[in-house]
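No lab work stands behind these numbers, since they all come straight from the coordinates. Predicted, not measured: the structure shown is a model, and the values here were computed from it. Reconstructed Cβ throughout: ideal geometry from the backbone, glycine too, with neighbour counts over all protein chains shown.
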Amino acid sequence: MMKKGLLIVVSAPAGCGKDTILECAFNVCPHLHYSVSATTRTIREGEQEGVHYFFKSIEEFKKMIKTGELLEYTQYAGNYYGTPKAYIPSMLESGKDVVMKIEVDGASNIKKLFPSCVLVFILPPSFEELERRLQKRGTEDAKTIKTRVDIARIEMSFVKNYDYVIINEKLEEAVKDFAAIVKSEKLSVKRGFPTVK
Ligand code: 5GP
């Protein structure tokens with residue numbers, strides 16, 4: 001019998017470097033597939049429609065909610081974010097491993113829908129460093145950065161609900177940690193094991 005795919009849910013406060021870690025992790029673990037979310041936030045430089053997000057107007061997003069197209073959704077820093085319903089269940093059924101990158105409330109909703117998913121939290125080395133990284137990124141104004149750092153302080157109290165935590169002090173180490181989590185979860189007996197003939 002084919003094993004179901006692994007669902008890895010990654011949460012991290014903005015500026016923790018989760019996008020970079022995941023980009024590198026996808027190179028190291030090419031079997032991983034990314035669940036692209038829908039959002040009403042404006043597109044950032046370097047982002048692509050359908051790759052980083054499905055960028056929607058508020059009206060379009062509300063329509064997706066109404067027509068039941070989302071597995072879960074939330075509001076974060078003034079924008080809507082949601083996980084399309086179509087992708088994850090079919091990928092897992094066909095044995096594909098999926099990574100999703102969502103905030104803490106979304107992660108807890110996904111855990112209820114997919115109890116065997118693995119929850120990974122990425123932490124910055126410090127709040128000071130977090131603020132510095134957000135300023136360096138230069139994609140948000142001072143007010144938005146403050147909002148995101150305030151949210152980060154709240155989000156960090158959710159670490160205890162997660163299965164694994166990675167501290168992003170050195171990118172290379174954080175990527176190795178992520179790959180190690182994926183590898184050990186793939187080897188876990190919980191997910192089924194072959195019989196030796
Ligand atoms: P950003 O604007 O920095 O790309 O994302 C802001 C926050 O929204 C991040 O914590 C990100 O993980 C989260 N997020 C992205 N997509 C989704 C989603 O589909 N559902 C939920 N609940 N959160 C999401």
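Which of K112/K136; K3/K85; K62/K101; K63/K136; K63/K146 have a Cα-Cα distance over 29 Å?
Check vs 29 Å cut-off fails for K112/K136; K63/K136; K63/K146.
Among F178, G17, F54, pick out the residue whose Cα is farthest towards the positive end of the charge dipole of the chain, where Lys and Arg carry +1 and Asp and Glu carry -1 on C-beta, about the Cα centre.
F178
Take the alpha-carbon positions of region 1-128, form their convex hull, and give its projected area averaged over all directions (one quarter of the hull surface) in nm².
8.8
Quick query: amide H of I122 versus all other amide H atoms, modeled in the peptide plane; which residues come in under 5 Å with a sequence gap of 5 or more or a different chain?
When sequence neighbours closer than 5 places are left aside, the close amide H contacts are S11, A12, I166.
Restricting to DSSP loop positions (anything but H, G, I, E, B) with no more than 14 other Cβ atoms inside 10 Å of their own Cβ, which trypsin sites (Lys or Arg not before Pro) remain in region 1-64?
The qualifying sites are K3, R44.
Roughly how many debye, to the nearest 20, is the charge dipole of region 9-137 about its Cα centre, given +1 on each Lys and Arg Cβ, -1 on each Asp and Glu Cβ, and no other charges?
Charge dipole, region 9-137, about its Cα centre: 160 debye, nearest 20.
May I ask you to compute the full-extension gain from S57 to H31, defined as 0.36 nm times their residue separation minus their alpha-carbon distance, rounded to one decimal in nm?
Stretched out fully, the S57 to H31 stretch lengthens by 6.1 nm.
For every other residue with a beta carbon closer than 14 angstrom to the beta carbon of V175, add +1 if it is Lys or Arg and -1 if Asp or Glu, then tell me the sum.
Residues near V175 contribute -2 overall.
For labels at K170 and E23 in the simple 7 Å Cα→Cβ model, what's the distance in nm?
For the pair K170/E23, the computed spacing is 2.1 nm.
Just want the answer: with Cβ charges of +1 for Lys and Arg and -1 for Asp and Glu, which residue in Y80, Y162, L92 is farthest toward the dipole's positive end in the chain?
The residue sitting most towards the positive pole is L92.
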